[in-house]
1. Set the Förster radius R0 to 35 Å, insert the Cβ-Cβ distance between residue 9 and residue 49 as r into 1/(1 + (r/R0)^6), and round the FRET efficiency to 0.05.
2. Quick check for me: using +1 on Lys/Arg Cβ and -1 on Asp/Glu Cβ, what's the dipole size of the chain about its Cα centre, in debye to the nearest 20?
3. Net charge near residue 59: determine it from the other residues with C-beta under 11 Å of the C-beta of residue 59, scoring Lys and Arg +1 and Asp and Glu -1.
4. Applying the Karplus parametrisation 6.51 cos²θ - 1.76 cosθ + 1.60 with θ = phi - 60° to the phi angles of segment 24-34, what ³J(HN,Hα) value in whole Hz is obtained for each residue in order, glycine and proline being reported as x?
5. What nm value, rounded to one decimal, do you get for the distance between residue 65 and residue 20 when each label is placed 7 Å out toward the C-beta?
6. Once the Cα gyration tensor of the chain is diagonalised, what are the square roots of 5 times its eigenvalues, in whole Å and ordered largest first, as equivalent ellipsoid semi-axes?
Amino acid sequence: MLALLSPGLSAIGVSISSPEGAEAAPALCAALREALPGVSIVVGGNAVEGREHALALGATHYAGSAREFA
């Protein structure tokens, strides 16, 4: 995984655009948390209904748009 080779990585963004993606998100977030301890996982996208939904999927933060992520 390229992220493992990126010193100083502080966050990784996950965009979820479909209900199927939302179903897979908890496993993805858990794998990211295990592989990248201390790195924020920012979740957003059309299939994410807001901050509480993003957190329930395993995110540490929510971004309602790419601009909010940046």
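1. 0.80
2. For the chain, the charge dipole is close to 220 debye.
3. On the way: positive: 33, 51; negative: 52.
With Lys, Arg at +1 and Asp, Glu at -1, the net is +1.
4. Each residue of segment 24-34 in turn: 8, 4, x, 5, 5, 4, 5, 5, 5, 4, 5 Hz.
5. 2.9 nm
6. The answer is 19, 13, 10 Å, longest axis first.
Computed from the coordinates by the stated procedures, all read-outs in this text should not be read as laboratory data. Everything quoted here is computed from the prediction, not taken from an experiment. Cβ atoms come from the backbone with ideal geometry, glycine included; neighbour counts cover every protein chain shown.
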